[in-house]
Amino acid sequence: MDEYSLILSAQNGEKEAFQSLITFYYPYVSKFLLKMCNNTVLSEDLTQDTFLKLVQGIDKFDIYGKASFSTWVITIAKNCYLDHLRRNKQEMISIEEQDIASQFNLQDVVLNHLQADEILKALESLPPEQATAIRLKYIEQQTLEEIAQRFSCKPKTVKSRIHNGMVKLRKMLKGDFYHG
């Protein structure tokens, strides 16, 4: 069953469709959250929260909308992480009290997260096949062969989609990150 049919089935309440979507996206989401928070236990908790919200809000996903399902899932995951940060502000205060050397480290981490958010937003404006190929390659760290199998195409096609998508991303983000 293709992703489109699985989503429609899940929106109709079919448990098997939910299970298939969760099984497919679980590694993708858990790796994304692990990179965001750099904490295995927290990323597992946030991944569970993400899929709980996905199940509760599957009806809100517009299958005919601009965003792909993978973008929607990652947006839920990112929002779960941001909610966690908001709930745990006391940890942020203790970080600010650290010495100057670690504050530079914190600044780098914050800048990296902001850049990652901008890149994720820019990915949404790419054609779905390019955005998904880029996500699978750089976030989920799949090989070209694995991505090609998912798209039912040749690895060269995937490589081309990734290259063309990256060129578009660089043009979109040039003003934000590439002040030379």
Review point. Filter the stretch 155-176 for residues that are modelled with pLDDT under 80 and exposed (fewer than 15 other Cβ atoms within 10 Å of the Cβ); which is nearest to E129 (Cα to Cα)?
Key: K174
Review point. Does any residue of the stretch 13-20 turn out to be among the aromatic types (F, W, Y) and touching a Ser or Thr at 6+ places or on another chain (Cβ under 8 Å)?
Key: no
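Being in contact (Cβ under 8 Å) with a residue 40 or more places away in the chain and either surrounded by fewer than 19 Cβ atoms within 10 Å (Cβ to Cβ) or outside the structural domain of E140 (by TED's automatic domain parsing) (or both): is that true of V29 here? Steps first, answer last, please.
Numbers: in contact (Cβ under 8 Å) with a residue 40 or more places away in the chain: yes; either surrounded by fewer than 19 Cβ atoms within 10 Å (Cβ to Cβ) or outside the structural domain of E140 (by TED's automatic domain parsing) (or both): yes.
Judged against the criteria, V29 is a match.
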**Study point:** Of the criteria (1) at pLDDT 85 or above; (2) surrounded by 13 or more Cβ atoms within 10 Å (Cβ to Cβ); (3) in a helix (DSSP H, G or I), which one L106 fails
**Key:** (1)
Practice item. Starting from the stretch 48-74, take each residue that is closer than 23 Å to S125 by Cβ and at pLDDT 90 or above and list its partners that are of a type in the set (S, T, N, Q) and in a loop (DSSP other than H, G, I, E, B), counting only C-beta distances under 6 angstrom and pairs at least six apart or across chains. Key: none
Point to revise | Subset of the stretch 30-75 [more than 21 Å from S9 (Cα to Cα) and of a type in the set (G, A, S)] | key: S30, S43
Practice item. Name, by its number, the condition in (1) outside any helix (DSSP H, G or I); (2) buried (at least 16 other Cβ atoms within 10 Å of the Cβ) that does not hold for L46. Key: (1)
**Study point:** Unique residue being exposed (fewer than 13 other Cβ atoms within 10 Å of the Cβ) and within 21 Å of D83 (Cβ to Cβ) when the list is G65, G13, G57
**Key:** G57
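The values are calculated or read from the model by the stated rules, or taken from the named source; none is laboratory data. Everything quoted here is computed from the prediction, not taken from an experiment. Methodologically, a virtual Cβ is constructed for each residue, glycine included, from the backbone with ideal geometry; neighbour enumeration extends over all protein chains shown.
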